[in-house]
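Please read the structure below before turning to the comments.
The values are calculated or read from the model by the stated rules, or taken from the named source; none is laboratory data. Just so we're clear, the structure is a prediction, and the values are computed from it rather than from any experiment. Heads up, the Cβs are rebuilt from the backbone with ideal geometry, glycines too, and the neighbour counts pull from every protein chain shown. Please note that ligands, DNA and RNA were not included when accessible areas were found on the heavy atoms of the full protein model with its side chains. Shrake-Rupley method; radii C 1.70, N 1.55, O 1.52, S 1.80 Å.
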Amino acid sequence: MERYQPRTTVNRRTLLRAGGAGALAAGALASLAGCGIQPAGRPDGALGASEDRSAHERTLAFSNWTEYIDIGSDGTSRPTLDDFRRSTGVEVTYTEDINDNVEFFGKVSKQLAAGQDIGRDLICVTDWMAGRMIRLGWARRLDAAHMPNAYANLAPGFRAPDWDPGRVHSYPWTGIPAVIAYNRKATGGRTVDSVSQLLDDPRLKGRVGLLSEMRDTAGLTLLDMGKRPEDVTAEEYDAAVTRLRRARDRGQIRRFTGNDYTGDLNKGDIAACIAWAGDLVQLQADNADIRYAIPDAGYMLSSDNLLVPRTARHQRNAERLIDYYYQPKIAARLAAAINYVSPVAGLRDELAKIDKRLADNSLIIPSEAMLAKAHAFRSLTAAEDKAFEAAFSELTGA
């Protein structure tokens, strides 16, 4: 087996800017209706589903984000996919063509609404977009009988999202914690462990970074205000945005970013920020001054998820691939490469064989205490999504 290659900090979040994403997505839905193309009315994705050709076509087309899988020492091969091909005989056409949820939605929405093949058997999208596609009837129901590893090894914290109860249509690829990070040298040795410090501490003025991902930044702010993102009301959300706007107007916030905050945090130009856990694992390996904190109020945990589009032609092959990545040994190789939370239970021993430090890192395998503080932003209606994102876009200048 080829040794995994650690990922760089230029990863699947680099180009993701969700500021305004919900508004754009809602607009895209409206444009579908305006063109006379109606979303499928069946939540199980049966309408327009293609015949499964897996029995006689040993192929699979998989679309994913950039830098979101293990890479071989040659810089181009993907060892776990190569092993999958050798063990199953299924050839995987792997494409890194998802750079943004809304952009990808725009690529495939009209074809899916019309029941046309999009040339993909498996896709990976963020939880809120996965929920949207499931509601539109654009994702197939998965057969648990074909995925014994996935069914048995899915970690408890990922089993019951409100947008796909029971995981009927999806399985997570990774979990993405949003926590607080700081450069201890830039803070003068002070710990930063709350959103209140980010927004109100005058010693951090002009040196605070917040994420352009609405659900993470607003979610952490809501938690700091004693509110639950799982059942946030419009009034509570508006109060959180108002609080963020006041901090922005006082000059407390340096900027809203995707994961391009990493360079500034590493240099100390940003003293403290909201950060994604996968970035911090790599940053800490290179800079001992980079620290993270889980606020007492809790943190946000989102996920990227595997779906089989309703027009896929190789569902059985896609289910085989999903099940393959839910073997602890394979999941450990993926986690070691990309450094995000694994949704696969029981991989600690396998990950320790690769790198014990990673196996002991709660940003990759969260402790029970850490999991108890995890929160998810509730699913929004199309109207809520448009209103929430519009307010956040005004805040960030997106």
Taking the residues in segment 69-90 that are among the polar types (S, T, N, Q) and outside any loop (DSSP other than H, G, I, E, B) as candidates, determine which candidate is surrounded by the most Cβ atoms within 10 Å (Cβ to Cβ). T80
Could you figure out which of (1) over 30 Å from K227 (Cβ atoms); (2) outside the structural domain of M133 (by TED's automatic domain parsing); (3) open to solvent by 10 Å² or more (accessible area, probe 1.4 Å) isn't true of H314? (2)
Residues T66, T93: which one is over 15 Å from A130 (Cα atoms) and loosely packed, with under 15 Cβ neighbours inside 10 Å? T93
In segment 238-254, residues that are surrounded by 17 or more Cβ atoms within 10 Å (Cβ to Cβ) and not in a helix (DSSP H, G or I) total 3
Among the residues of segment 172-204 satisfying the criterion of being part of a helix (DSSP H, G or I) and under 28 Å from the mean Cα position of the chain (by Cα), which is surrounded by the most Cβ atoms within 10 Å (Cβ to Cβ)? L198
Please determine, by comparing only the residues of segment 276-297 that are touching a Gly at 6+ places or on another chain (Cβ under 9 Å) and modelled with pLDDT of 95 or more, which one is surrounded by the fewest Cβ atoms within 10 Å (Cβ to Cβ). D289
Evaluate segment 208-224: report whether one residue or more is at pLDDT 95 or above, out of contact with any strand residue (DSSP E or B) (no Cβ under 7 Å at 6 or more places or on another chain), open to solvent by 40 Å² or more (accessible area, probe 1.4 Å) and within 23 Å of A387 (Cα to Cα). yes
Give the number of residues within segment 225-237 that are open to solvent by 50 Å² or more (accessible area, probe 1.4 Å), in a loop (DSSP other than H, G, I, E, B) and either of a type in the set (D, E) or farther than 14 Å from L199 by Cα (or both). 4
Among the residues of segment 135-145, is there at least one that is part of a helix (DSSP H, G or I), assigned by TED's automatic domain parsing to the domain that holds S63 and in contact (Cβ under 8 Å) with a residue 40 or more places away in the chain? yes
Looking at the structure I just gave you, is A332 crowded, with 24+ Cβ neighbours inside 10 Å and without any contact (Cβ under 8 Å) to a residue 40 or more places away in the chain? yes
Residues satisfying the stated conditions in segment 75-134, i.e. touching a residue at least 40 places away in the same chain (Cβ under 8 Å) and more than 30 Å from D385 (Cα to Cα): G75, S77, P79, T80, D83, F84, S87, T88, V90, V92
Tell me whether segment 96-110 contains one or more residues that are open to solvent by 30 Å² or more (accessible area, probe 1.4 Å) and at positive phi. no
Which residue is most open to solvent (accessible area, probe 1.4 Å), if the candidates are limited to segment 377-390 and must be modelled with pLDDT under 95 and part of a loop (DSSP other than H, G, I, E, B)? T381
